[in-house]
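Presented below is the structure to which this report refers.
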Amino acid sequence: MRTLTRWHPLREMARFDPFADTGFWKDFPMTTGAMPEPVPMMRVDVTQDERGYVVKAELPGVAKEDIAVSVEGGEVSISAEVKREKETKEGDKVLRTERYYGSVARAFTLPTDVDSARAEAKFDNGVLTLTLPKAEGARSKTLPVQ
C-alpha cells in the first residue's frame, strides 16, 4: 500500500542551496564582540470574561510617562517610547557605549465595544495592565497610566 504525500510546489527549491558546495561564505570574516540587541517588541496577552477584557502588555525598561493608551469603541492602541543606554567601562576607560531610541506600538480591535469611562490602565514592573469593561456604544477616551 502506498502512503499519500502532500505536494508542495516549492519543496525542491527549499532544498536547493547555491552556496553549500562553493565555499562562498568562507571568505567573509566573522564579526567579533557581542551580538546587537534585538529590536524591542511589545508582547500582548488579551483575556476575556463576561464583564470585560484584561490586556497585559510587556514593556520592560519603559517609563510610565512614555506610554500612551487610547481606547475608541472596540479599538485599543498602545504605544511607548523606548530608550536604552548601555555603557561598558574598564576603570576610567570607556570600552563601548550603545544606545537605542525608538518606539513600539500595537493596535487591535476587540469583538465588542469598551466602556471607556470605567476603563483603567496600570503600569507595574514593566507590565502594563488594561482593564476594559464591555459596554454598548462606548465613547473615545485617552487613559492616563497610573
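Every number in this text was worked out from the coordinates using simple rules, so none of it is lab data. Just so you know, these numbers come straight off a predicted model, no measurement behind them. Note that we place each Cβ from the backbone using ideal geometry, even for glycine, and neighbour counts take in every protein chain shown.
In this structure the amide hydrogen of residue 74, modeled in the peptide plane, comes within under 5 Å of the amide hydrogens of 114, none closer than 5 places in sequence on its chain.
Using θ = phi - 60° and the Karplus form 6.51 cos²θ - 1.76 cosθ + 1.60, what ³J(HN,Hα) does each residue of the range 55-69 get, whole Hz, x for Gly and Pro? Computed from phi, the couplings for the range 55-69 are 10, 10, 10, 8, 9, x, x, 9, 7, 5, 5, 9, 10, 10, 10 Hz.
Counted residue by residue at 0.36 nm each, then reduced by the alpha carbon distance between them, the extension gain from residue 118 to residue 142 reaches 7.5 nm. Within the range 38-143, the proportion of C-alpha pairs whose separation exceeds 21 Å stands at 42%. For residue 77 and residue 99, the FRET efficiency from 1/(1 + (r/R0)^6), where r spans their Cβ atoms and R0 equals 25 Å, is about 0.40.
Pop the C-beta distance of residue 84 and residue 48 into the FRET formula with R0 = 35 Å and round what comes out to the nearest 0.05.
0.60
The Cβ shell under 12 Å around residue 131 holds other residues with a net charge of +2, Lys and Arg each +1, Asp and Glu each -1.
Remind me, relative contact order of the range 38-143 in percent, using alpha carbon pairs under 8 angstrom and six or more residues apart?
Working: 234 pairs, mean separation 33.7, N = 106.
Value for the range 38-143: 32 percent.
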